[in-house]
Amino acid sequence: MISYEILFEDNDVIAVNKLAPMPVLRDKTKDLDLQTLLQREQASCKKFLEAVHRIDRRTSGIVVFAKTPRALKTLDEAFKNRTIHKTYLACLEKEPAPAAGILKHGIVFDKKRNISVAIPYDSLDAAQKRLPANTQVLDAELSYTMVFQSDRYFFVTAAPRTGRHHQIRAQFAAMGWPIKGDLKYGARRSTQSGLLMLHAWKIEFPHPVSHEMVSLTASFPPAEKLWTIFSQNMADSQ
């Protein structure tokens, strides 16, 4: 399996398409991570390399790295100011209803299980009474739109408006629409590749030096046939 492909690179930034189930940064498992792999394989990344954001180990798609401290600081500020826009594509096991909307939840991170629980706002007061004292409940919000339906699965774009741990996975699971391959959040079975069918598909961000907008789209992991079906449908509809 190819681990990554480079989508964009200059003196300040490198953006790659993560295609393998691996962490973006070194974690407690000590498995090889994407940042270390880039530093090993790309001569231009050996001097300085820091991830501007992360995606989950088993999520594929775009990850942006800064190649200078200045670029890292500027891109960090862009994330805080919400001038960086990310679009994910998810393949759901159940049909979302309505077909488009905004999901708002309170989200609680369970560190022991490494899982986030999304709680609908209308039941949040009752849920908080059952939670341990001082439990942190964070707002989580995303917009979604269904863009294609296969015989058994439903493809939706998702644009998080907040950045919470496992947010997309937890919010879709809370609605009863688990992502294909996501056993932790209620999917029926895993995928052959080990990746979730959640893909960081598109990103748009202001370049940290030129300030021109950079727009990138990441191709889908080739191992999963459903991504091929989606891609062919997109091509046929254009």
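Restricting the first residue to segment 28-46 and requiring it to be at pLDDT 95 or above and among the acidic types (Asp, Glu), which pairs with a second residue that is surrounded by 11 or more Cβ atoms within 10 Å (Cβ to Cβ) and not in a helix (DSSP H, G or I) meet a Cβ separation below 6 Å and a spacing of at least six or different chains?
Close Cβ pairs satisfying both conditions: 33/23; 33/25; 33/26.
Condition test on residue 183, is it out of contact with any strand residue (DSSP E or B) (no Cβ under 8 Å at 6 or more places or on another chain), farther than 21 Å from residue 79 by Cα, aliphatic (A, V, I, L, M) and free of Cβ contacts under 8 Å to residues at least 40 places away in the same chain?
Yes: the conditions hold for residue 183.
Given the criteria part of a strand (DSSP E or B), surrounded by fewer than 17 Cβ atoms within 10 Å (Cβ to Cβ) and modelled with pLDDT of 95 or more, does residue 61 qualify?
No.
Pick from segment 179-216 the residues that are within 16 Å of the chain's Cα centre (by Cα), charged (D, E, K, R) and in a loop (DSSP other than H, G, I, E, B): which of them is nearest to residue 231 (Cα to Cα)?
Among those that are within 16 Å of the chain's Cα centre (by Cα), charged (D, E, K, R) and in a loop (DSSP other than H, G, I, E, B), it is 180.
Select, from 10, 76, 110, the only residue that is at pLDDT below 95 and over 20 Å from residue 227 (Cβ atoms).
Result of the check over 10, 76, 110: 110.
Inspect all residues belonging to segment 220-233 and state whether any of them is assigned to a loop (DSSP other than H, G, I, E, B), within 15 Å of the chain's Cα centre (by Cα) and buried (at least 17 other Cβ atoms within 10 Å of the Cβ).
Yes, the conditions are met somewhere in segment 220-233.
The values are calculated or read from the model by the stated rules, or taken from the named source; none is laboratory data. Keep in mind the model is a prediction, meaning the values are calculated, not measured. Using ideal geometry, Cβ is built from the backbone for each residue, glycine included, and neighbour counts are taken over all protein chains shown.
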